[in-house]
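Input: a single structure, listed below in structure tokens.
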Amino acid sequence: MGHPKILEDTKGNISSEEKAVRVDAREELFKQQPLINITPPDWMAASARSEWNRVIVALKKDYPLSETDYGSLVAYCLAFSRIKTAEAEIRKSGTFITCENGVKKANPAVRVQSQAMSDLKKQATSLGMTLESRSRLALNKVKNDEPEDPFKELMSS
């Protein structure tokens with residue numbers, strides 16, 4: 001998951017005050033109780049635990065995950081597992097099923113999968129895992145960057 005780091009140091013010129021503001025903002029993010037237990041809950045399905053192990057490495061590296069993010073991460077992994085389970089059912093039974101009276105109707109697994117996809121997207125966005133949420137972070141970073149003045153060095157001499 002390649003995405004911008006929060007409050008990454010800029011390569012341009014920024015004032016000492018701006019640097020202090022950025023350092024304070026970064027420290028504020030990490031003031032939360034850090035997520036200590038990075039192992040998935042035992043009661044999770046195997047596919048949810050596998051997804052947890054896949055994403056936790058990238059999330060812990062690039063974002064200050066805290067104990068308050070635990071529920072979102074659990075919900076994300078459970079939604080991922082439901083999508084996978086529903087897809088297996090859809091492949092087995094098809095998108096439509098025939099009832100006992102001969103009437104065709106949508107496979108209920110399609111609705112379960114659709115809801116799980118919606119849940120997954122919400123949790124992924126809240127954890128900064130979507131292109132949209134990463135772009136928002138990057139745009140906020142760019143907005144705070146001071147534009148480089150080519151004459152600044154000449155004028156200060």
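The values are calculated or read from the model by the stated rules, or taken from the named source; none is laboratory data. All values reported here derive from a predicted model rather than from experimental measurement. Ideal geometry is used to build each Cβ from the backbone, glycine not excepted, and the neighbour counts take in all protein chains shown.
One table, with the values for the structure above:
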| read-out | value |
| --- | --- |
| Among the candidates Asp149, Asp145, residue that is surrounded by 13 or more Cβ atoms within 10 Å (Cβ to Cβ), modelled with pLDDT under 95, more than 13 Å from the chain's Cα centre (by Cα) and acidic (Asp, Glu) | Asp145 |
| Total residues in the stretch 97-111, condition touching a helix residue (DSSP H, G or I) at 6+ places or on another chain (Cβ under 9 Å) and in a strand (DSSP E or B) | 1 |
| Test: Lys84 is in a helix (DSSP H, G or I) and modelled with pLDDT of 95 or more | yes |
| Of all residues making up the stretch 48-65, the number that are among the charged types (D, E, K, R) and under 19 Å from Ile83 (Cα atoms) | 3 |
| Of all residues in the stretch 42-68 being farther than 20 Å from Asp119 by Cα and among the hydrophobic types (A, V, I, L, M, F, W, C), the one that is modelled with the highest pLDDT | Val57 |
| Residue in the stretch 22-39 that is at pLDDT below 75, touching a helix residue (DSSP H, G or I) at 6+ places or on another chain (Cβ under 9 Å) and part of a helix (DSSP H, G or I) present | yes |
| Unmet criterion (only one of (1) assigned to a helix (DSSP H, G or I); (2) modelled with pLDDT under 80; (3) closer than 22 Å to Thr130 by Cα) for Val74 | (2) |
| Lone unmet requirement of (1) among the small types (Gly, Ala, Ser); (2) modelled with pLDDT of 95 or more; (3) surrounded by 13 or more Cβ atoms within 10 Å (Cβ to Cβ); (4) closer than 30 Å to Asn37 by Cβ for Ala109 | (4) |
